[in-house]
Amino acid sequence: MKHFISMQQLSKETMNQILKEAELIRKSPKTINKQLFAANLFFEPSTRTKMSFEVAQRKLGLEVLNLYEEGSSLIKGESLYDTAKTFEAIGADFLVVRHPSDYWMDEIEEEGQLNIPVFNAGSGKEEHPTQCMLDLLTMYQEFGNVEGKKVVIAGDIIHSRVAKSNARALEKLGADVYFSAAPGFEDHSLPFPYITMDEAVEIADALMLLRIQHERHIHKTETDDYLSLYGLTMERAARMQKHAIIMHPAPINRGVEIDTRLVESKQSRIFKQMENGVYVRMAILIHVLKEWGIINENDINECKALNII
Ligand code: NCD
């Protein structure tokens, strides 16, 4: 694998291998026994992805460099490529990038060559592969496998990178994927059937809710009737199958796409997803750094309980 950019580049085998590794790390943490610098370049707001990448890096024992747009030379007109190349020059061993452009990695590659791996922490409306991997891990923990499982992704599909990464990966893994969206939020370029929220709650094994991506809308979307028309109300949740789970990548707009009482309900896995984000990102980092030859098996320590004599 070159850079970790899109779920479309991952085979079923690679996804399964990384998920297995993430489960192992969850049970028995690992560290990298080598000085490596991780550079996190975030050009869009982030709470979970940024912090969980940083926790993953620190748990692995890496040095962490953080760049924010306001404090960087990007506002002096420096390109993303030149920013990335700068980090390579000063000794970063890999980059984690979030940027509003849908295809920022293509733009980087058109400008020149980067010699360190890049991890996509969110590209515009197109891809969010590490979020998808943590969603898959959450479903695997629940169902063992997603083959034949009905997964409904509901909300602002057209503006959601989470919807796109998940739909494509879940289809590859043999799940039955459905979309549910308010008028105007559909993306008909993707080949998945649309159902209503009333139908969704009846059939879903996993119901993945999405936030309205207001920052990507040209016109302001009114949300007064959104919950009752398209969201997960208490009444609808009561019609879900007993084993079914509620997921959401967050941030959550309580009372818009979901009734606030369901966020921490028994069927919700929303905070579990966040916890899984750390393990999955540790596994992805190890996997790609090994493929690049930046680390090898000897650089990885299994952490056992410390026996201090
Ligand atoms: C999502 C994102 O940024 O794409 N959040 C996340 O990474 N956990 C979803 C969103 O912003 O709605």
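Quick note: the coordinates plus some simple rules give every number you see, no bench work behind them. Here the structure is a predicted model, which is why all the values come from computation and not from measurement. A quick note on method: Cβ atoms are made from the backbone with ideal geometry, for glycine too, and the neighbour counts reach across all protein chains shown.
For the chain, the longest principal axis of the Cα atoms and the long axis of helix 270-291 meet at an angle of about 40 degrees. Potential lengthening of the chain between residue 44 and residue 1 amounts to 12.9 nm, from the contour at 0.36 nm per residue minus the alpha-carbon distance. Put a dot 7 Å past the Cα of residue 198, heading toward its Cβ, do the same for residue 218, and the two dots end up 3.3 nm apart. For residue 265 and residue 35, the FRET efficiency from 1/(1 + (r/R0)^6), where r spans their Cβ atoms and R0 equals 41 Å, is about 0.40.
Estimated from the Cβ-Cβ distance and a Förster radius of 22 angstrom, the FRET efficiency linking residue 292 and residue 17 is about 0.85. Axis angle, to the nearest 10 degrees, between helix 80-89 and the longest C-alpha principal axis of the chain: 40 degrees.
How big is D, in µm² s⁻¹, for the stretch 88-141 by Stokes-Einstein at 37 °C and 0.692 mPa s if Rh is the Kirkwood radius over C-alpha pairs?
Reported coefficient: 263 µm²/s.
Of the trypsin sites (Lys or Arg not before Pro) found in the stretch 1-30, not one falls in a DSSP loop while having at most 11 other beta-carbon atoms within 10 Å.
For the stretch 243-309, the set of GluC sites (Glu not before Pro) satisfying both a DSSP loop assignment and a count of at most 11 other C-beta atoms within 10 Å is given as 264.
For the stretch 237-309, evaluate the Debye formula with one uniform point scatterer on each Cα (no solvent term) and list log10 I(q)/I(0) at q = 0.12, 0.22, 0.26 Å⁻¹, rounded to two decimals. Once normalised to I(0) and log-transformed, intensities are -0.58, -0.97, -1.19. The Cα-based radius of gyration and maximum Cα-Cα distance (Dmax) for the stretch 71-184 are 17.2, 51 Å.
Under the combined filter of DSSP loop state and at most 10 neighbouring Cβ atoms within 10 Å, the stretch 202-250 retains these GluC sites (Glu not before Pro): 222. Mean residue ellipticity at 222 nm, helices only, the chain: -11000 deg cm²/dmol; runs of at least 4 DSSP H residues each add -39,500 (n - 2.57), and the sum is divided by the number of residues. Extent of the chain along its three principal axes (Cα atoms, max minus min coordinate, largest first): 54, 53, 34 Å.
Using C-alpha positions alone, give me the convex hull volume of the stretch 123-233 per residue in cubic angstrom.
Convex hull of Cα atoms, per residue: 100 Å³.
Going by alpha carbons, how many degrees (0 to 90, nearest 10) lie between the helix axis of 12-27 and the longest principal axis of the chain? With both axes taken from Cα atoms, the answer is about 80 degrees.
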